[in-house]
1. Within region 398-445, list the chymotrypsin sites (Phe, Trp or Tyr not before Pro) lying in a DSSP loop whose Cβ has at most 15 other Cβ atoms in a 10 Å radius.
2. What is the percent carbon and sulfur in the accessible area of region 280-376, measuring with a 1.4 Å probe over the protein chains and ignoring ligands?
3. Want the number for residue 36 to residue 277: 0.36 nm per residue separation, take away the alpha-carbon distance, what's left?
4. Between residue 254 and residue 368, what FRET efficiency follows from the Cβ-Cβ distance if R0 is 51 Å, with the result rounded to 0.05?
5. Hey, what did region 381-444 get for relative contact order, percent, Cα under 8 Å, at least 6 apart?
6. What FRET efficiency, computed as 1/(1 + (r/R0)^6) with R0 = 35 Å and r the Cβ-Cβ distance, is obtained for residue 124 and residue 67, rounded to the nearest 0.05?
7. Using unit Cβ charges (K, R positive; D, E negative) and no other charged atoms, how large, in debye to the nearest 20, is the dipole of region 285-398 about its Cα centre?
8. Sticking to Cα atoms, compute the Rg of region 1-91 to one decimal and its Dmax as the biggest Cα-Cα distance, whole number, in Å.
Amino acid sequence: MEKRFYLESLGCARNQVDSNAMSGLLKAAGWRPTPDPAAAGVIVVNTCGFIEPAAEESIDAILELARMKRDGECRRLIVAGCLPERYREAIGEALPEVDVFLGTGALQEVAAAAEGRLDAACRLPDPAGCRFPAPLGGWVRPMDHLAYLKIAEGCVRRCTYCIIPKLKGTQRSRPVETLASEAESLVRGGVKEIVLVAQDTTHYGRDLTDPADLSALLRALSARLSPEVWIRLLYGHPESIDEEMIRTIAAAPNILSYYDIPIQHAGDDVLRRMGRRYTGEDLRRLFDRIREIDPAAVLRTTAIVGFPGETAADFDGLLDFVEEIRFDHLGVFTYSDAEDLPSHGLPDPVSSKTAERRYEELMACQREISLEKNEERIDGVYPVLVEERIEPGLFTGRGPFQAPEVDGVVDIQERDPGNPPIRVGEFVRVRITEALEYDLMGEAE
Ligand code: SF4
């Protein structure tokens, strides 16, 4: 019987990179991917376990696919990634349908698992020792023109609300030369935008035997890739972004002035309890400095509301901070408690009702700011990467100020059909004609 596998990838772009590499390993072992889980002899679910809702989504997907062992060809169900890494042997008891569990340190054993060559049903080695996905290539290409490139795995920090260091181990950066040649081959293959991801991109390289830093990596990528390509950086950290990085980004034509720097809060007491070693004043200075050195800077951040001990005054302070800094993009999350988090048990928990109210209030504040910032773009002309053809003469795409999946889009009206033709995966210059809270509308020039 032909060896066919189905892979379900859950979670963030960094997880998708791991799924892409596992798929590469299975193909190298003679397995063929199928989009139909019912036709697969082996099903792999690469899970997310970052917060409880994500863990529940993973369990739902596993139970759904486990039905294929009864209704389909499936002979082996493999569950990989953060869920088994977080819940360890307990998940085995809860999910008897699963044949093999691979923790984040055992993803490279997926082919052996598929062929029943593992001597244990639960493989949970320490992820800190794992160099996966090297040498398989640490990238994923969700669209022909777009690729995520993982520059490091793991994290050196200990934010009290975060389970990642426990799931992924300490930071392991990938060498500059490996990343530059991977990026070059992606661009040769038609990629127009490369998004650099890690848990903390701005801490890149300090763990390498031949230490490097993010500025060195960015300079290498900028020099090796065409000026037309977009290089975007996500998941920075306020503690490790420095002036040299800002100057490198500002100076390079193909590195987008897009600064994704999660602050999580702006109240000093809350930040201290979160294990974030900076103050609201430090953040203010950082964003002022970025805008001074790089006036074209687009700022994205995230904030957590409802963290234990967050007072009404702390929240008002965060609201004032967001109104003062006026981020282009802001993602808001309510604190998600769990017993295995360092923050579990901190005094003065905030009720979910209060957290929800604060979430709504902060989002409402940002909606206004986002609309005003979008209105400032009316009559401006921007390069837009076309991503989809909606109907004849109407397309959507993203400007350099919009990251994939998390920010708004630009709706593009073709002014003169076919002249020049607008193509998905290509850049087109667009004059912005209308602004909405998150999206923009414009005409192709
Ligand atoms: S820096 Fe990010 S990944 Fe690392 S511990 Fe903090 S929140 Fe988690």
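1. Answer in residue order: 438.
2. Carbon-and-sulfur percentage of accessible area, whole number: 50.
3. Numbers: separation 241, 0.36 × 241 = 86.76 nm, distance 4.73 nm.
Length difference between fully extended and current span is 82.0 nm.
4. The calculated FRET efficiency here is 0.95.
5. Relative contact order, region 381-444: 36 percent.
6. 0.85
7. It works out to roughly 300 debye.
8. Answer for region 1-91, Rg first and Dmax second: 12.8, 39 Å.
The values are calculated or read from the model by the stated rules, or taken from the named source; none is laboratory data. Since the model is a prediction, treat every value here as computed from it, not as a measurement. Quick reminder, even Gly has a Cβ in these numbers, built from the backbone with ideal geometry, and neighbours come from all protein chains shown. For accessibility, only protein heavy atoms count, side chains too; no ligands or nucleic acids. Shrake-Rupley method; radii C 1.70, N 1.55, O 1.52, S 1.80 Å.
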